[in-house]
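**Student:** One structure, as structure tokens, below. Some questions next.
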Amino acid sequence: MIKGSKVLDDVAQLAGGAVGLISHVQQQIQNDIRERIDDMIAKLDLVPREDLERVEAVAVEARKKQAELEKRIADLETKMAGTKTAKTSTATTKTTKPKTSSRTTSRKTTKKSA
């Protein structure tokens, strides 16, 4: 029985060593895979998520600013169009007023004094 117990102890020790070796090999394989993935990412010229999120935030702000500026331009164009229309209508009104002759004016003054 002592020999059988010693054999079982040897098998258990061997199995424990094998588990440790397998664990070490597994860790080494994971490290190798990580290194290869990092190398592939470096070759693909990918950017970190934080940088991407920062650029997206800047783009959103730029779009908002662009929309504000487009609205301001449209308002200014409307205002300028309204000013041109007012000037044109004033000029048209001045030229379309009927001219009064001096006779009509003198008659009016004559009627007032009479």
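Only the coordinates and a few stated rules stand behind these numbers; no lab work does. Computed from a predicted model, the values in this text were never measured in an experiment. Glycine also receives a Cβ, built like all others from the backbone with ideal geometry; neighbour counts cover every protein chain displayed.
**Student:** In nm, what is the difference between 0.36 nm times the number of residues separating Val58 and Ala12 and their Cα-Cα distance?
**Tutor:** Numbers: separation 46, 0.36 × 46 = 16.56 nm, distance 6.18 nm.
Separation in residues times 0.36 nm, less the Cα-Cα distance, equals 10.4 nm.
**Student:** Against the globular-protein guess of 2.2 N^0.38 Å, express the Cα radius of gyration of segment 47-92 as a ratio, rounded to two decimals.
**Tutor:** Normalised Cα radius of gyration, segment 47-92: 2.11.
**Student:** How large is the dipole of segment 47-92 about the Cα centre if only Lys and Arg carry +1 and Asp and Glu carry -1, each at its Cβ, rounded to the nearest 20 debye?
**Tutor:** Values: 10 positive and 9 negative charges, 86 e Å.
Charge dipole of segment 47-92: 420 debye, to the nearest 20.
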